[in-house]
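Engineer: The structure that follows is given in the form of structure tokens.
The values are calculated or read from the model by the stated rules, or taken from the named source; none is laboratory data. Since we're looking at a predicted model, the values are computed, not measured. No Cβ is skipped: glycine too gets one built from the backbone with ideal geometry, and neighbour counts run over all protein chains shown. To get the accessible areas, we keep the full protein, side chains included, count just its heavy atoms, and leave off ligands, DNA and RNA. Shrake-Rupley method; radii C 1.70, N 1.55, O 1.52, S 1.80 Å.
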Amino acid sequence: QSIRNSPAEAERRLGNVVDTILSEQQALRLAIEDLKPGAIRDTTPVDVIPRLRDAATRVARQWDIRVHLNLQRDIPPIRQKTAHEMTRMLQEALVNAVRHGGASEATITCIQIATDLLLSVSYQGRGFTGFEGRHDLASLNRIKVGPRTLKERVAGAGGSLIIESNENGARVEVRLPLDGA
């Protein structure tokens with residue numbers, strides 16, 4: 001139907017699908033390479049910023065959301081496993097912003113603060129269901145709300161999580177220690 005009504009829009013969407021498939025295929029190839037014995041150890045240092053940029057770009061394309069990136073360029077390399085977890089946290093926070101928060105635009109920030117790496121995703125839209133205000137990981141677990149997988153990832157990585165939520169949107173902030181990263 002949309003091909004007849006709007007061929008240009010249909011072509012744009014098809015182009016996005018092709019770009020997404022190619023990007024995911026490349027990511028899958030890299031993941032398979034990483035799984036080969038001796039390829040990359042969990043402690044191998046990697047630059048997290050290009051990984052975050054790529055993940056944000058993929059999610060933005062797939063979910064049709066505009067993403068503003070504020071990524072500090074001189075963050076030291078971190079463990080490959082930590083970079084992988086941080087990338088997954090970013091993807092989950094961004095997808096949740098679109099799916100549950102109705103966001104059409106989000107801002108992603110990743111900076112070093114003293115010995116921590118801070119990643120935040122903020123958006124305008126609807127906040128989290130079930131709570132308002134500012135809550136840390138312990139508070140979210142105590143009142144049994146918040147994104148379960150994100151909370152588990154943060155706890156597993158030895159980090160901290162703060163979520164600020166209200167009727168106009170939300171901000172998710174993850175902090176991971178660089179020394180353990």
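Engineer: Using a 1.4 angstrom probe on the protein heavy atoms only, could you order 163, 143 from most to least accessible area?
Structural biologist: Numbers: 163 0, 143 80 Å².
If we order 163, 143 from most to least accessible, we get 143, 163.
Engineer: Not counting ligands, DNA or RNA, and with a 1.4 Å probe, what is residue 74's accessible surface area in Å² rounded to the nearest 10?
Structural biologist: Surface accessible to solvent at residue 74 totals approximately 110 Å².
Engineer: Relative contact order of the stretch 31-181, please, whole-number percent, based on alpha carbon pairs below 8 angstrom and at least 6 residues apart. Write down the numbers at each step before the final one.
Structural biologist: On the way: 269 pairs, mean separation 32.9, N = 151.
Answer for the stretch 31-181 is 22 percent.
Engineer: Points 7 angstrom from Cα along the Cβ direction at residue 168 and residue 155: gap in nanometres?
Structural biologist: Placing both labels 7 Å beyond Cα along the Cβ direction yields 3.3 nm.
Engineer: Order the following by accessible area, largest value first: 142, 88, 58. Probe radius 1.4 Å; ligands, DNA and RNA are ignored. Walk me through the numbers on the way to the answer.
Structural biologist: Numbers: 142 170, 88 100, 58 40 Å².
Output order, biggest surface exposure first: 142, 88, 58.
Engineer: Sorted by accessible area with a 1.4 angstrom probe, largest first, how do 151, 81, 144 fall? Before the final figure, lay out the partial values.
Structural biologist: Values: 151 25, 81 95, 144 170 Å².
Output order, biggest surface exposure first: 144, 81, 151.
Engineer: For every helix of n ≥ 4 consecutive DSSP H residues, a contribution of -39,500 (n - 2.57) applies; sum these over the chain, divide by its total residues, and give [θ] at 222 nm rounded to the nearest 500 deg cm²/dmol.
Structural biologist: Values: 6 runs with 84 residues, N = 181.
About -15000 deg cm²/dmol.
Engineer: Please work out whether the stretch 88-148 counts as rounded, prolate or oblate from its C-alpha gyration tensor, where a ≥ b ≥ c are the square roots of the eigenvalues and a/c under 1.5 means rounded, while otherwise a/b larger than b/c means prolate and anything else oblate? Please report the intermediate quantities before stating the final value.
Structural biologist: Working: a/c = 1.97, a/b = 1.10, b/c = 1.79.
Here the stretch 88-148 falls in the oblate category.
Engineer: When the distances between all Cα atoms of the chain are binned every 5 Å from zero, what whole-number percent does each bin get?
Structural biologist: 1, 8, 15, 18, 18, 16, 11, 7, 4, 2, 0, 0
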